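Student: Let me give you the structure first, and then I'll get to my questions.
The values are calculated or read from the model by the stated rules, or taken from the named source; none is laboratory data. Remember, predicted model here, so these are calculated numbers, not experimental data. Methodologically, a virtual Cβ is constructed for each residue, glycine included, from the backbone with ideal geometry; neighbour enumeration extends over all protein chains shown.
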Amino acid sequence: MLSKKFRLQIQNWLKNKNKRVISRRSDFFIVRMSANDLDSSRFGVIISAKVSKSAVKRNRIKRIIYDFVRLNELHKKAGRDVAITVLPATAKLERNEIEKEIFKLLNF
């Protein structure tokens, strides 16, 4: 799991209206990025009950994303806040497919 200092508090990030946001989209994810004044990046995952009614499946997807970020050391790159919104089609993907999609969207 990704360390707490590298996780983004989504509620506070969404309330901040004074930031410039870069957005990327695929069939499975929406990635929103904004600059921060830190020497590392922070990541947050937004996943609703529309993706899966089962909390176990939703948490599994979150763990896959956070583990991918941690293992590829994306959190150590340039200071950005990254919010990843999971879309309902993601529930049918396997782990390696989720990682490929995230990698395509997060090459910054």
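Student: Pairs only if they're at least six apart or on different chains, beta carbon under 7 angstrom, first in segment 26-53 and within 24 Å of residue 100 (Cβ to Cβ), second part of a loop (DSSP other than H, G, I, E, B) and basic (Lys, Arg); list them, first residue then second.
Tutor: Listed by first residue and then by second, the contacts come to 41/77.
Student: To continue, here is another question. In segment 40-59, which residues are touching a Gly at 6+ places or on another chain (Cβ under 8 Å) and within 19 Å of residue 14 (Cβ to Cβ)? Before you say what the answer is, go through the steps one by one.
Tutor: Here is the first cut: in segment 40-59, the ones touching a Gly at 6+ places or on another chain (Cβ under 8 Å) are 40-41.
The one that is touching a Gly at 6+ places or on another chain (Cβ under 8 Å) and within 19 Å of residue 14 (Cβ to Cβ): 41.
Student: Take residues that are modelled with pLDDT of 90 or more and buried (at least 19 other Cβ atoms within 10 Å of the Cβ) and tell me which of the helices (runs of 4 or more DSSP H) falling wholly in the chain contain 1 or more. Walk me through it before giving the result.
Tutor: Values: elements: 10-15, 55-71, 95-105.
Here the list reads 55-71, 95-105.
Student: Here's something else I'd like to know. For residue 56, state whether it is out of contact with any helix residue (DSSP H, G or I) (no Cβ under 8 Å at 6 or more places or on another chain), under 16 Å from residue 92 (Cα atoms) and free of Cβ contacts under 8 Å to residues at least 24 places away in the same chain. Walk me through how you get there before you give the answer.
Tutor: On the way: out of contact with any helix residue (DSSP H, G or I) (no Cβ under 8 Å at 6 or more places or on another chain): yes; under 16 Å from residue 92 (Cα atoms): yes; free of Cβ contacts under 8 Å to residues at least 24 places away in the same chain: yes.
Yes, satisfied.
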